[in-house]
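Read through the structure below, which is laid out as structure tokens, and then see the notes.
The values are calculated or read from the model by the stated rules, or taken from the named source; none is laboratory data. If you're wondering where the values come from, they're calculated on a predicted model, not measured in any experiment. Positions of Cβ are backbone-derived with ideal geometry, glycine not excepted, and every protein chain shown enters the neighbour counts. Only protein heavy atoms, including side chains, enter the accessible area calculation; ligands, DNA and RNA are left aside. Shrake-Rupley method; radii C 1.70, N 1.55, O 1.52, S 1.80 Å.
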Amino acid sequence: MIVRPSGFRGAAFTTARAGDMARGDRFTVSTQLGIKPEWATARQIHGAKLLEVKEPGRAGEGDALFTVSRALPLAVFTADCAAIVLESAGAVAVVHAGWRGAAAGVVSDAAGYLEERASRHEPVLRAAMGPLIGPCCFEVGDEVAAVFPGWESTTTWRTTSVDLGGAIRAQVPGAKWWSLDACTRCGDGWFSHRANATRFRQAAIGWIP
């Protein structure tokens with residue numbers, strides 16, 4: 001139901017078994033994690049806007065959330081896009097990154113802002129990436145592949161794809177990365193919009209205990 005990256009202060013990724021986190025009941029997941037069931041979220045727009053939050057609830061339009069407040073869970077929701085939790089010594093951010101957001105630098109921008117706004121300008125120490133559509137299934141047109149030079153790949157049915165996860169990890173090279181190596185489209189236990197146009201979403205959650 002929940003995947004916890006080892007070595008992280010406050011990071012978790014839900015599976016399809018946990019249910020729809022974007023619209024469903026978050027109480028069970030919150031109880032298991034020992035966090036408040038009121039999360040800070042955003043209306044995700046597939047861009048690179050970062051929102052600093054100090055309280056739970058909908059923070060506005062954006063694809064990355066940042067806080068230095070303790071015990072405030074931040075969450076983004078995905079069903080093929082990447083979700084990332086970034087930790088520095090005194091701050092945390094969660095990021096939703098589809099190919100448009102990744103191309104716009106949403107992950108590197110969030111990491112830079114995390115470092116800038118942290119109390120002592122600490123670098124991002126750890127980065128965790130949850131399940132996302134893998135290069136095995138992420139079929140794209142040549143115009144999208146061209147945005148990610150060096151990260152072009154091929155699907156299992158021999159069409160053009162992109163290694164989105166690899167491109168994202170390269171945006172924060174100094175962090176210690178943990179990745180959940182699972183493809184949402186062809187793997188078991190994940191929601192995937194490309195597989196069946198589902199409206200359900202899994203969550204990536206970050207917090208400072």
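Given Asp63, Asp25, Asp109, which one is among the acidic types (Asp, Glu) and crowded, with 23+ Cβ neighbours inside 10 Å? Step through it out loud before you land on a result.
Working: Asp25 fails: crowded, with 23+ Cβ neighbours inside 10 Å; Asp109 fails: crowded, with 23+ Cβ neighbours inside 10 Å.
Step by step, each of Asp63, Asp25, Asp109 is checked, and only Asp63 is among the acidic types (Asp, Glu) and crowded, with 23+ Cβ neighbours inside 10 Å.
When you go through (1) in contact with a Cys (Cβ under 9 Å, 6 or more places away or on another chain); (2) open to solvent by 50 Å² or more (accessible area, probe 1.4 Å) one by one for Gly98, which number turns out not to apply?
Every condition holds for Gly98 apart from (2).
Can you say whether Cys137 is over 20 Å from Ala111 (Cα atoms) and open to solvent by 60 Å² or more (accessible area, probe 1.4 Å), as far as the supplied structure shows?
No.
Being hydrophobic (A, V, I, L, M, F, W, C), open to solvent by less than 20 Å² (accessible area, probe 1.4 Å) and in contact with a helix residue (DSSP H, G or I) (Cβ under 8 Å, 6 or more places away or on another chain) is the requirement here; does Leu50 meet it?
For Leu50, the condition - hydrophobic (A, V, I, L, M, F, W, C), open to solvent by less than 20 Å² (accessible area, probe 1.4 Å) and in contact with a helix residue (DSSP H, G or I) (Cβ under 8 Å, 6 or more places away or on another chain) - is not met.
If you take just the strands (runs of 3 or more DSSP E) that sit entirely in the stretch 156-209, which of them hold at least 3 residues that are at positive phi and either surrounded by fewer than 19 Cβ atoms within 10 Å (Cβ to Cβ) or touching a His at 6+ places or on another chain (Cβ under 6 Å) (or both)?
Working: elements: 160-162, 176-179, 202-206.
Qualifying strands (runs of 3 or more DSSP E): none found.
Residue pairs, Cβ under 8 Å, 6 or more apart or interchain, first in the stretch 72-85 and at pLDDT 95 or above, second of a type in the set (Asp, Glu). List them.
Partner pairs satisfying both residue conditions: Leu72/Glu55; Pro73/Glu38; Val76/Asp63.
Can you pull out every residue in the stretch 146-155 that is of a type outside the set (Val, Ile, Thr) and either within 14 Å of the chain's Cα centre (by Cα) or surrounded by 15 or more Cβ atoms within 10 Å (Cβ to Cβ) (or both)?
Phe148, Trp151, Glu152, Ser153
Residues are listed down the side, and each one gets a yes or a no for (1) of a type in the set (D, E, K, R); (2) modelled with pLDDT of 95 or more; (3) assigned to a strand (DSSP E or B):
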{"residue": "Arg9", "(1), (2), (3)": "yes, yes, no"}
{"residue": "Asp20", "(1), (2), (3)": "yes, yes, no"}
{"residue": "Gly24", "(1), (2), (3)": "no, no, no"}
{"residue": "Thr31", "(1), (2), (3)": "no, yes, no"}
{"residue": "Glu38", "(1), (2), (3)": "yes, yes, no"}
{"residue": "Ala42", "(1), (2), (3)": "no, yes, yes"}
{"residue": "Ile45", "(1), (2), (3)": "no, yes, no"}
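Can you tell which of Ala89, Ala93 is modelled with pLDDT under 95 and within 24 Å of Val3 (Cβ to Cβ)?
On inspection, the qualifying residue turns out to be Ala89.
Is there a residue being over 27 Å from Asp20 (Cβ atoms), at pLDDT below 95 and open to solvent by less than 10 Å² (accessible area, probe 1.4 Å) anywhere in the stretch 112-124?
Yes, the stretch 112-124 contains a residue that is over 27 Å from Asp20 (Cβ atoms), at pLDDT below 95 and open to solvent by less than 10 Å² (accessible area, probe 1.4 Å).
For the stretch 161-209, name all the residues that are touching a Lys or Arg at 6+ places or on another chain (Cβ under 6 Å) and charged (D, E, K, R).
Lys176, Arg185, Arg194
Working only within the stretch 68-80, note down all residues that are surrounded by fewer than 24 Cβ atoms within 10 Å (Cβ to Cβ), β-branched (Val, Ile, Thr) and touching a strand residue (DSSP E or B) at 6+ places or on another chain (Cβ under 7 Å).
none
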